[in-house]
Amino acid sequence: MRCGSKCFLVEMEIKGEKQIKPVTARTPANARKTIRLEYGAEARVLSVVEEKKKS
């Protein structure tokens with residue numbers, strides 16, 4: 001994990017199935033980039049939301 005990293009919940013669609021995957025990244029753009037590198041062009045990113053920690 002890098003300094004300043006946060007956990008983002010990425011909602012994506014792969015082959016017609018919606019999935020939510022937690023990704024550790026510095027920015028939402030970095031989270032999208034991580035998903036594209038892992039799943040390729042077939043993954044369509046629908047939303048990226050920062051995961052809130054429960055107190």
Out of the residues in segment 28-46 that are outside any helix (DSSP H, G or I) and out of contact with any helix residue (DSSP H, G or I) (no Cβ under 9 Å at 6 or more places or on another chain), state the one that is farthest from residue 9 (Cα to Cα). 44
Any residue in segment 20-31 that's among the charged types (D, E, K, R): show its pairings with residues that are assigned to a strand (DSSP E or B) and open to solvent by less than 70 Å² (accessible area, probe 1.4 Å) at Cβ separation under 6 Å, as long as the two are six or more apart or on different chains. 21/10
Search result, residues across segment 1-25 that are open to solvent by 40 Å² or more (accessible area, probe 1.4 Å) and in a loop (DSSP other than H, G, I, E, B): 1, 2, 3, 4, 15, 16
Cβ contacts < 7 Å: first residue touching a residue at least 12 places away in the same chain (Cβ under 8 Å), restricted to segment 35-48; second residue in a helix (DSSP H, G or I) and surrounded by 10 or more Cβ atoms within 10 Å (Cβ to Cβ), any location; separation 6+ or different chain. Result? 43/35; 43/36; 45/32; 45/35; 48/28; 48/31; 48/32
Within segment 26-44, can you find the residues that are surrounded by 14 or more Cβ atoms within 10 Å (Cβ to Cβ), more than 8 Å from the chain's Cα centre (by Cα) and of a type in the set (A, V, I, L, M)? 43
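The values are calculated or read from the model by the stated rules, or taken from the named source; none is laboratory data. This structure is a prediction, so every number in the text was calculated from the model and none was measured. Using ideal geometry, Cβ is built from the backbone for each residue, glycine included, and neighbour counts are taken over all protein chains shown. Heads up: the accessible areas ignore ligands, DNA and RNA and are worked out on the full protein's heavy atoms, side chains in. Shrake-Rupley method; radii C 1.70, N 1.55, O 1.52, S 1.80 Å.
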